[in-house]
């Protein structure tokens, strides 16, 4: 993300079928309208009012399906240092985690969106860690099993950015 914020708002008014999308770093997708289907056979479904946390992946298929007028989602890409100080569970490595969006999570995400416009870049990681900590506190600690040690491809990605 080369823009001054640490999030992306993604919208579409027509159904999209995205093939072999690379996920370079852990990614939180909060579906606000419509739904998202993931996987080769669209076996994962993330409805409006839910979130999906994805681990890094060389390629994943996605479908963005609008409801009423549009598909709308908030995307936040996490760096590996955003997980510093958190107890990572690598014994049960997962590729994704789907959960319900709650009012507390919505408020935390709204604060993150707001601070990303005025806060210095040096504090963004601590705010991302707050999102992860809140999710863990709310019972979604399985997201900590999405991580592994950053691979060489991740380090190269960071260097090239």
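The values are calculated or read from the model by the stated rules, or taken from the named source; none is laboratory data. Not measured: the values here are computed from a predicted model. Ideal geometry is used to build each Cβ from the backbone, glycine not excepted, and the neighbour counts take in all protein chains shown.
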Test set (1) over 21 Å from residue 6 (Cα atoms); (2) modelled with pLDDT under 90 - residue 55 fails condition number: (1)
Unmet requirement for residue 110, which otherwise passes all of (1) surrounded by fewer than 12 Cβ atoms within 10 Å (Cβ to Cβ); (2) outside any strand (DSSP E or B); (3) modelled with pLDDT under 90: (3)
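Among the residues in region 85-101, are any under 23 Å from residue 10 (Cα atoms) and at pLDDT below 85?
yes
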Residue match in region 41-52 (condition: surrounded by fewer than 19 Cβ atoms within 10 Å (Cβ to Cβ), within 13 Å of the chain's Cα centre (by Cα) and not in a loop (DSSP other than H, G, I, E, B)): yes
